[in-house]
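Quick notes on the structure that follows.
The values are calculated or read from the model by the stated rules, or taken from the named source; none is laboratory data. Every value quoted in this text rests on a predicted model; they were computed, and no experiment measured them. Here Cβ is always computed from backbone atoms with ideal geometry, including for glycine, and neighbour counts include all displayed protein chains.
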Amino acid sequence: MVVEEITAKETHENGISFPSDKIMLDLKDLKKVYPTPKGDYVVLEHLNLQILKEEFVTIIGHSGCGKTTMLSMIAGLNPISGGNIAVLGNPIKGPGPDRGVIFQAPSLMPWMSALQNVLLGVNRVFPHASKAERKDIAKYYLHKVGLEGAFDKKANELSQGMQQRVGIARAFAIKPKVLLLDEPFGMLDSLTRGELQDILIEIWNKEKITAVMITHDVDEAIFLADRVVMMTSGPRAKIGDVLKINFERPRTRKAVLEHDDYYKYRKHLIDFLEH
């Protein structure tokens with residue numbers, strides 16, 4: 001097998017570009033600058049990335065390379081210093097229901113039940129649906145993440161893993177065009193992490209929402225992704241390399257681990273991170 005690589009530079013500068021009707025998320029010449037007393041600190045610069053409809057992209061890179069900064073800019077939570085981010089060709093203008101976010105910490109309302117936490121988003125995004133319909137949507141996604149017995153439990157009574165399940169249900173329930181995941185399993189033990197990866201990919205296989213996920217875990221990046229995007233170290237971080245993952249979907253962990261190409265992919269990513 002030849003490992004396929006498409007660098008962002010090639011994509012934009014050599015005319016190797018995806019058809020515009022296939023692109024869900026387009027980052028063009030993105031820049032992020034923080035002013036400091038000693039002058040501007042440039043976190044990201046000349047960052048170009050196109051993500052396709054129904055694609056699952058994972059992003060890896062060393063701490064401080066601006067991964068979370070980039071994701072928060074896509075979410076509309078962090079102002080863009082230069083360049084442009086568009087969803088289906090429309091430039092973003094702050095946060096919106098077309099982008100759902102799952103953070104590392106679930107950030108739930110602790111005094112509210114699991115159901116009430118999911119309904120917060122559902123009520124806002126589907127104001128014209130009946131109360132019963134909105135409740136059905138919230139219950140459906142809580143059921144999908146394995147929390148059918150915990151609808152009425154307060155968030156602060158749930159374990160960290162269960163709280164993250166609520167976070168996943170809440171993000172999918174608003175039916176976003178793009179799902180943004182900022183190391184959602186980074187604080188969990190390996191067993192819970194594996195369970196939630198399986199739950200996430202099971203729901204994603206059904207919903208086929210464009211997904212962009214930051215991770216430090218090479219194995220997680222390969223297991224979940226259609227493409228793994230590697231970012232250069234900061235400051236002035238940009239896309240350093242892109243690796244296409246040619247595993248069939250739906251995937252099982254066993255099939256991925258036993259695939260001939262798995263360790264080639266793994267070596268490619270580790271070699272990039274070690275340089």
Exercise. Restricting attention to segment 133-167, and to residues there that are small (Gly, Ala, Ser) and more than 21 Å from residue 98 (Cβ to Cβ), which single residue is surrounded by the most Cβ atoms within 10 Å (Cβ to Cβ)?
Worked result: 155
Problem set entry | Of residues in segment 94-132 being of a type in the set (A, V, I, L, M, F, W, C) and assigned to a loop (DSSP other than H, G, I, E, B), the one surrounded by the most Cβ atoms within 10 Å (Cβ to Cβ) | 108
Exercise. So which pairs qualify, if the first residue must be in segment 144-165 and farther than 13 Å from residue 106 by Cβ, the second must be of a type outside the set (A, V, I, L, M) and assigned to a helix (DSSP H, G or I), the Cβ gap must be under 7 Å, and the two must be at least 6 apart or on different chains?
Worked result: 146/165; 151/139
Exercise. Taking into account only those residues within segment 213-243 that are farther than 16 Å from residue 182 by Cβ and assigned to a loop (DSSP other than H, G, I, E, B), which is modelled with the highest pLDDT?
Worked result: 226
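Quick one: would you say residue 249 is surrounded by fewer than 21 Cβ atoms within 10 Å (Cβ to Cβ), among the charged types (D, E, K, R) and at pLDDT below 95? Working first, answer last.
Values: surrounded by fewer than 21 Cβ atoms within 10 Å (Cβ to Cβ): yes; among the charged types (D, E, K, R): yes; at pLDDT below 95: yes.
So residue 249 fits the description; yes.
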For this session: Among residues belonging to segment 252-264 that are surrounded by 15 or more Cβ atoms within 10 Å (Cβ to Cβ) and outside any loop (DSSP other than H, G, I, E, B), point out the one that is modelled with the highest pLDDT.
Result: 262
Seminar exercise, completed: From the option list 89, 66, single residue qualifying as more than 14 Å from the chain's Cα centre (by Cα), under 21 Å from residue 233 (Cα atoms) and in contact (Cβ under 8 Å) with a residue 40 or more places away in the chain is 66
For this session: Kindly indicate whether any position in segment 189-212 is assigned to a strand (DSSP E or B), under 30 Å from residue 50 (Cβ atoms) and out of contact with any Lys or Arg (no Cβ under 8 Å at 6 or more places or on another chain).
Result: yes
Problem set entry | Answer from 85, 51, 74 - the residue that is within 24 Å of residue 203 (Cβ to Cβ) and either part of a strand (DSSP E or B) or hydroxyl-bearing (Ser, Thr, Tyr) (or both) | 51
Problem set entry | Given (1) touching a residue at least 24 places away in the same chain (Cβ under 8 Å); (2) on the phi < 0 side of the Ramachandran plot; (3) in contact with a helix residue (DSSP H, G or I) (Cβ under 8 Å, 6 or more places away or on another chain), number of the condition residue 186 does not satisfy | (3)
Exercise. Which number in (1) in contact with a Leu (Cβ under 9 Å, 6 or more places away or on another chain); (2) closer than 29 Å to residue 26 by Cβ marks the one condition that residue 188 misses?
Worked result: (2)
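Residue by residue, here is whether (1) modelled with pLDDT of 95 or more; (2) farther than 19 Å from residue 203 by Cα; (3) of a type outside the set (Phe, Trp, Tyr); (4) under 25 Å from the mean Cα position of the chain (by Cα) holds:
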{"residue": "118", "(1), (2), (3), (4)": "yes, no, yes, yes"}
{"residue": "123", "(1), (2), (3), (4)": "yes, yes, yes, yes"}
{"residue": "129", "(1), (2), (3), (4)": "yes, yes, yes, no"}
{"residue": "132", "(1), (2), (3), (4)": "yes, yes, yes, no"}
{"residue": "135", "(1), (2), (3), (4)": "yes, no, yes, no"}
{"residue": "138", "(1), (2), (3), (4)": "yes, no, yes, yes"}
{"residue": "141", "(1), (2), (3), (4)": "yes, no, no, yes"}
{"residue": "154", "(1), (2), (3), (4)": "yes, yes, yes, no"}
{"residue": "159", "(1), (2), (3), (4)": "no, yes, yes, yes"}
For this session: Name every residue in segment 78-93 that is touching a helix residue (DSSP H, G or I) at 6+ places or on another chain (Cβ under 8 Å) and surrounded by 13 or more Cβ atoms within 10 Å (Cβ to Cβ), in order of residue number.
Result: 78, 80, 85, 92
For this session: Report the residue count in segment 92-125 for those that are of a type in the set (Lys, Arg) and either in contact with a strand residue (DSSP E or B) (Cβ under 7 Å, 6 or more places away or on another chain) or touching a residue at least 24 places away in the same chain (Cβ under 8 Å) (or both).
Result: 2
Exercise. When you look at residue 59, is it touching a strand residue (DSSP E or B) at 6+ places or on another chain (Cβ under 8 Å), among the β-branched types (Val, Ile, Thr) and not in a loop (DSSP other than H, G, I, E, B), yes or no?
Worked result: yes
